[in-house]
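One structure is given below, encoded as structure tokens.
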Amino acid sequence: MRVPGSKSATNRALVLAALADGKSRLRGALRSRDTLLMAGALRALGAEVREDDGPGGDWVVRGGLRRQRDDADPAEVAVDCGNAGTVARFTPALAALTAGDVRYDGDPRMRERPLAPLLGALRRLGADIDGDVMPFTVHGRGRLPGGAVTLDATQSSQLISGLLLAAPLYDAGVEVRHVGGRLPSGPYLEMTITDLRAAGAVVDAEPADPASGRPPVWRVEPGALRAYDRAIEPDLNSAAPFLAAAVATGGEVLVPDWPADTTQPGRMLPGLLEAMGAHAEWTPAGMRVRGGAGIHGIDADLGDVGEAAPVLTALAVIADSPSRFRGIAHLRLQETDRLAALAEQLGRLGADITVTEDGLAIRPAPLRPARLDPLADHRLAMTYAVVGLVVPGVTVDDIATTGKTVPDFPARWAAMLAG
């Protein structure tokens, strides 16, 4: 089963291409609701973003923000973030570099998701922004002084990535310090730094030193970014339900083009599936997963791979022993409160799930048919599809919400089942 390009990689690549001098080509990029929203936001800010009509369906981006206004420019442009955290958190710093007002809004859920630490940090770096939640307006002045800033990114590592990605164009670059609790989804910050360096940025990252109490620090020097052609990896998070299908049914699934070396957090998924009783093997053809003799519960810290938690929960409710997932309190702030939703919706099946302070506790229980609502969350819809392979009579409402990251998920799912 082939899966589409990585959403996280596509949207970072689009941002960096929009900031670069020259034309970039993104091969194998994802075209889904989140990436289309990102393309629309970057167009509103002055970049040229188009979809190539060629056989590869590449994105072609000519960098350049609207740094000066003329009489033909509108007094205000609008950015629709939908429910895309990457659009809401990666582009306000770009808006501050444009000339003119940029108004941000999105889906009702986006108005509840955390943005205040990022917007406050941008103000301290010299941005003029009205509001701390959506809708808000960035009054662009064509430049951003930059400098040193401290923020609490406990709720999302995207709050830091949103500062780092545009930092080469700040007058003084940026130095960012994280203060607070555990920083979730650390591999995504690793992805941001790797992508910045590939575009020519000078980035220094210092890990936290618990002995001295020094927080983690990231520094990005000012300088031009270069345009470049890039191949986008398959989305390993979107591969999760397909690999989990093999585990749930005792079958076998191969996901082609699985990278041998990657910054995507989904690289941890095969090891987690093996811990639950599956057999996973990377080959030059891709990642192959086979179901084992049974499905076993695990006790795992998923703080770095929280996107996999819903699908792992699907396996946990059909496992032969309890599971405990830790380090995922931040999933309360995703497209929906994923912890509460998994407990409530899978509870309709009879699943025994307890929401803990930082995750979920799952115990084996008899399961029955039910109708499940993903609450407009793409990962939950895919999770319920996995459960439905094993529990007869499962109906998943609004399966189209999977279009956020896998536009043709129902067709891919059917093709997998057809062999």
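The values are calculated or read from the model by the stated rules, or taken from the named source; none is laboratory data. These figures come from a predicted structure and were not determined experimentally. Ideal geometry is used to build each Cβ from the backbone, glycine not excepted, and the neighbour counts take in all protein chains shown.
Numbers for the structure displayed
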read-out: Condition met for ARG12 (assigned to a helix (DSSP H, G or I) and either at pLDDT below 95 or within 29 Å of GLY286 (Cβ to Cβ) (or both)); value: yes
read-out: Residue that is nearest to ASP337 (Cα to Cα) [pool: residues in region 377-415 that are at pLDDT 95 or above, β-branched (Val, Ile, Thr) and not in a helix (DSSP H, G or I)]; value: VAL396
read-out: Conditions (1) part of a strand (DSSP E or B); (2) over 24 Å from THR154 (Cα atoms): number failed by GLY223; value: (1)
read-out: Matching residues, region 1-20, being in contact with a Lys or Arg (Cβ under 7 Å, 6 or more places away or on another chain) and either buried (at least 24 other Cβ atoms within 10 Å of the Cβ) or in the same structural domain as TYR170 (by TED's automatic domain parsing) (or both); value: ALA13, ALA20
read-out: Per-region count, region 273-319, residues among the charged types (D, E, K, R) and more than 24 Å from SER8 (Cα to Cα); value: 4
read-out: Subset of region 132-161 (residues that are crowded, with 16+ Cβ neighbours inside 10 Å and polar (S, T, N, Q)); value: THR137, THR154, GLN155, SER156, SER157, GLN158, SER161
read-out: Qualifying residue in region 159-171 (condition: at pLDDT below 95 and in the same structural domain as VAL60 (by TED's automatic domain parsing)); value: no
read-out: From ARG103, ARG141, ARG123, ARG113, residue being modelled with pLDDT under 95 and farther than 30 Å from GLY266 by Cβ; value: ARG141
read-out: Residue count for region 5-39, restricted to those that are more than 18 Å from the chain's Cα centre (by Cα) and over 23 Å from ARG197 (Cα atoms); value: 0
read-out: Given (1) out of contact with any helix residue (DSSP H, G or I) (no Cβ under 6 Å at 6 or more places or on another chain); (2) at pLDDT below 95; (3) closer than 27 Å to ALA308 by Cβ, index of the condition ILE193 fails; value: (2)
read-out: Qualifying residue in region 118-131 (condition: surrounded by fewer than 16 Cβ atoms within 10 Å (Cβ to Cβ), part of a loop (DSSP other than H, G, I, E, B) and in the same structural domain as ASP34 (by TED's automatic domain parsing)); value: yes
read-out: Hey, ALA167 among the small types (Gly, Ala, Ser) and over 19 Å from LEU65 (Cβ atoms) or not; value: no
read-out: Region 186-210 - residue that is part of a loop (DSSP other than H, G, I, E, B) and over 23 Å from MET268 (Cα atoms) and, of those, nearest to the chain's Cα centre (by Cα); value: ALA199
read-out: Number of positions in region 206-220 that are modelled with pLDDT of 95 or more and within 22 Å of SER8 (Cβ to Cβ); value: 2
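The rows are residues; the columns are (1) touching a Leu at 6+ places or on another chain (Cβ under 9 Å); (2) under 20 Å from THR249 (Cα atoms).
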{"position": "ARG368", "(1), (2)": "yes, yes"}
{"position": "ASP373", "(1), (2)": "yes, no"}
{"position": "ALA376", "(1), (2)": "no, no"}
{"position": "THR383", "(1), (2)": "yes, yes"}
{"position": "VAL387", "(1), (2)": "yes, yes"}
{"position": "VAL391", "(1), (2)": "yes, yes"}
{"position": "THR401", "(1), (2)": "yes, no"}
{"position": "LYS404", "(1), (2)": "no, no"}
{"position": "ASP408", "(1), (2)": "no, no"}
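Okay, residues lined up against (1) assigned to a loop (DSSP other than H, G, I, E, B); (2) buried (at least 24 other Cβ atoms within 10 Å of the Cβ); (3) in contact (Cβ under 8 Å) with a residue 12 or more places away in the chain:
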{"site": "SER212", "(1), (2), (3)": "yes, no, no"}
{"site": "ARG230", "(1), (2), (3)": "no, no, yes"}
{"site": "SER238", "(1), (2), (3)": "no, yes, yes"}
{"site": "LEU254", "(1), (2), (3)": "no, no, yes"}
{"site": "PRO270", "(1), (2), (3)": "no, no, yes"}
